[in-house]
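Below: the structure, in structure tokens.
Computed from the coordinates by the stated procedures, all read-outs in this text should not be read as laboratory data. Note that the structure is a prediction, hence the values are computed from the model and not measured. Heads up, the Cβs are rebuilt from the backbone with ideal geometry, glycines too, and the neighbour counts pull from every protein chain shown.
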Ligand code: T3D
């Protein structure tokens, strides 16, 4: 692995693996880690050779959200938290949602506060059975951020969203999967093999079509049916002119495995 301290990156074929790497603090975010993650995701956006991203955490946790040691109100200072949100969390969530390549999140342990909601902003979330999702904000007198109020409401509905956000009770991985908050929960030892295999498969997929699929499904949250039908028509037109579509149909007709190039 190579990379800056708080984020490790590794490339294998078309897959970029990003590991949050502040394990002593359960991978809580400080400004440097935000900047490093942003820059890794920017590489994923710019480089055509990167065709999928896998995000996980080093050590026993996935991410404990904002590093609370970075601001100590006992000193009498009051930080403007809106600035952290505007400078870091909102752009990060927009980056994850806007990257038109699949992002798989392997939640290897506790995901708390913004850490939970960063996971939920990824496209496919696989969690180890020992992982927990905690909307820790209410314990601090804060509100869900990093898109949490949006993701929880849409994925779970108001009753469960409010239950999790108001109580800050941990949600275990299997319940999270049963509720539809995440894709699946797997035994701890199966997490990285399964997440890596899926991420590798997607990295060998028809990247342009997968990216357009991500765009369409995300747009459905706000579009009405007519707008969505129009969008599907436009996106299908675009996908239909891709090299990967031609290869996909040719492979089907030849009864062979397709060799997608991601364009
Ligand atoms: O700018 C802004 O502030 C606005 C943005 C806010 C976004 C947010 O994410 S707000 C929410 C912040 N996160 C939390 O409130 C979670 C805090 N952590 C916890 O509640 C617990 O650590 C966990 C439930 C996540 C895990 O508990 P446990 O018992 O498994 O581990 P632990 O012993 O509490 O933590 C292990 C170490 O990580 C410990 O350090 P130590 O004592 O061994 O030196 C602990 O202090 C450290 N750690 C855990 N979370 C954070 C942290 N250090 C700094 N910041 C953290 N968020």
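Quick look at the values:
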item	result
Region 1-101: antiparallel DSSP beta bridges as a percent of all, rounded to 5	50
Helix 158-167 vs. the chain, principal-axis angle (Cα, 0 to 90°, nearest 10)	40
Estimated FRET transfer efficiency when R0 is 35 angstrom, pair residue 261-residue 153 (beta carbons, to 0.05)	0.35
Where the Cα pairs of the chain fall when distances are cut into 10 Å bins, in %	7, 29, 35, 21, 7, 1, 0, 0
Rounded FRET efficiency, nearest 0.05, which uses the C-beta distance separating residue 166 from residue 30 and R0 of 30 Å	0.60
Fraction of antiparallel bridges per DSSP, the chain only, in percent to nearest 5	30
Share antiparallel - DSSP beta bridges, region 72-183, percent rounded to 5	25
Projected label distance in nm at residue 97 and residue 139, using a 7 Å step from Cα toward the beta-carbon	2.7
C-alpha center-to-center spacing [region 166-192, region 16-80] in angstrom	21
Extended-chain gain in nm, criterion 0.36 nm per residue less alpha-carbon gap, residue 90 and residue 231	48.2 nm
Cα long-axis angle, helix 31-46 against the chain (0 to 90 degrees, to the nearest 10)	10
Computed label-point distance, nm, for sites residue 130 and residue 174 using a 7 Å Cα→Cβ extension	1.6
Nearest-ten-degree value, helix 243-254 long axis tilted from longest Cα axis of the chain	60
Rel. contact order, % - alpha carbon contacts under 8 angstrom, at least six apart, the chain	17
